[in-house]
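S.K.: The structure that follows is given in the form of structure tokens.
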Amino acid sequence: MSSGGVSSGGLVAERITAGYGRRDVLSDVSLGPLSSGEVTMLVGPNAAGKSTLLRALAGLVRVSGSVRLDGQELVGLPPRRRARHVAFMPQSLPGSLDLTALEAVLSALLAVPQPPRSESGGSTDDGGSEGSAGSDRSSARREPTERALTALARLGIQSLAMEPLGRLSGGQRQLVSLAQSIVRGPRVLLLDEPTSALDLRYQVVVMRLLRAEAEAGRIVALVVHDLTLAARWADRIALLRDGRIVAAATPEEALTSDRLREVYGVRTRVERCSRGTLQVIVDGEG
């Protein structure tokens, strides 16, 4: 990954300016390519521009410049067309929605038109029997529900399927939101702090799932605050400060003690533990 390289493959942002209203949060920022098979994490202090950059990639804020996916320009693309390729997970899912967890995931699946089924995936022969046609319609109704239940099961929360969102904890709603993001099998997963409300066990569940999504050929990018989590799970890290990218590299290259002192104002040690895992240890301010 480079902060300004040009590539036709993957997700590439070039010279993007983004913000809210008249206020620019990012100016002339380039990033990429974010590649299939890799997990990229955006890290940095509060108000560094991490979430704005993620939302710019997703087309959810005012943005100028270029954001390309496998050579196709996304800036200016109608939201429904972009949503076929890109899924965005916000920081939190409202608990006030009058939906069950299953209904919330189904709504995400059905909100975007799916590609037509292949000829081998279903019959369109008008000469079939009435019973066969009825069976096809029943199967078509079952398929979205099965996909939604599978997404919940992958996160270990299938038991919450019929629970209203308002009765779920913040962490449980966060898992439902992630299920909404993965259920369509998008090319790109953009996740804003998907582990912030989770306990240690579910942090591992989520990171293993995102690793599996990357290995299945998806582009995965997420915002995190936990540098140790980033050092452990990221293939690439983009370190931001004051609306600009300070470093975009492997965890060991991006998270140096000198750079973390510059960006965060803390003294750190970046070391490998006895199992070879990179860790960030904060010793104090300055």
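S.K.: In what order, largest first, do His225, His85 sit by accessible area if the probe radius is 1.4 Å?
M.R.: The most accessible residue leads, giving His225, His85.
S.K.: Next question. Largest first, how would Glu213, Glu193 line up by accessible area (1.4 Å probe)?
M.R.: Glu193, Glu213
S.K.: What is the Cα centroid distance between the stretch 37-76 and the stretch 148-180, reported in whole angstrom?
M.R.: Here the two parts' Cα centres lie 26 Å apart.
S.K.: Further question on the same structure: With angles folded into 0 to 90 degrees, how steeply does helix 200-215 sit against the dominant principal axis of the chain? Use alpha carbons for both and round to 10.
M.R.: Rounded to the nearest ten degrees, it is 70.
S.K.: Follow-up question, since we're still on this one. For the chain, what does the helix formula give at 222 nm: sum of -39500 (n - 2.57) over DSSP H segments with n ≥ 4, over the residue count, nearest 500 deg cm²/dmol?
M.R.: My calculation for the chain gives -10500 deg cm²/dmol from helical runs alone.
S.K.: If Val206, Val25 are ordered by their accessible area, calculated over protein heavy atoms with a 1.4 Å probe, which sequence runs from highest to lowest?
M.R.: Final ranking, largest accessible area leading: Val25, Val206.
S.K.: Kirkwood hydrodynamic radius (Cα pairs, Å) of the chain?
M.R.: Values: mean 1/r = 0.0494 Å⁻¹.
Here the Kirkwood hydrodynamic radius works out to 20.3 Å.
S.K.: Tell me, what is the 1.4 Å probe accessible area of Asp235, in Å² to the nearest 10?
M.R.: Per-residue accessible area (Asp235): approximately 50 Å².
S.K.: For a quick check of understanding: with a 1.4 angstrom probe and all protein chains in place, what accessible area in square angstrom does Thr17 have, to the nearest ten?
M.R.: Roll a 1.4 Å probe over it and Thr17 shows about 30 Å².
S.K.: So for the chain, averaging the separation of alpha carbon pairs under 8 Å that are six or more residues apart and normalising by length, what relative contact order in percent results?
M.R.: 25 percent
S.K.: Gln72 versus Asp242, label points 7 Å from Cα toward the beta carbon: distance in nm?
M.R.: A separation of 3.9 nm, rounded to one decimal place.
S.K.: Got a sec to turn the phi values of the stretch 48-59 into Karplus ³J(HN,Hα) couplings, 6.51 cos²θ - 1.76 cosθ + 1.60 with θ = phi - 60°, whole Hz, x for Gly and Pro?
M.R.: 6, x, 4, 5, 5, 4, 4, 5, 5, 4, 7, x
S.K.: A further question on this structure: Using the Cα centre of the chain as origin and beta-carbon charges of +1 (Lys, Arg) and -1 (Asp, Glu), tell me which of Val183, Pro94, Ala18 is placed farthest towards the positive end of the dipole.
M.R.: Going by the charge dipole, the pick is Ala18.
S.K.: Can you tell me the length gained on complete extension of the stretch Val204 to Thr228, counting 0.36 nm per residue apart and subtracting the Cα distance?
M.R.: On the way: separation 24, 0.36 × 24 = 8.64 nm, distance 1.26 nm.
Full extension from Val204 to Thr228 adds 7.4 nm.
S.K.: In nm, to one decimal, how far is the Leu97 label point from the Ala197 one, both placed 7 Å along Cα→Cβ?
M.R.: 1.2 nm
The values are calculated or read from the model by the stated rules, or taken from the named source; none is laboratory data. All values derive from a computational prediction rather than experimental measurement. Counting neighbours? That spans all protein chains shown, and the Cβs are built from the backbone with ideal geometry, glycine included. SASA here: full protein model, heavy atoms, side chains in, ligands and nucleic acids out. Shrake-Rupley method; radii C 1.70, N 1.55, O 1.52, S 1.80 Å.
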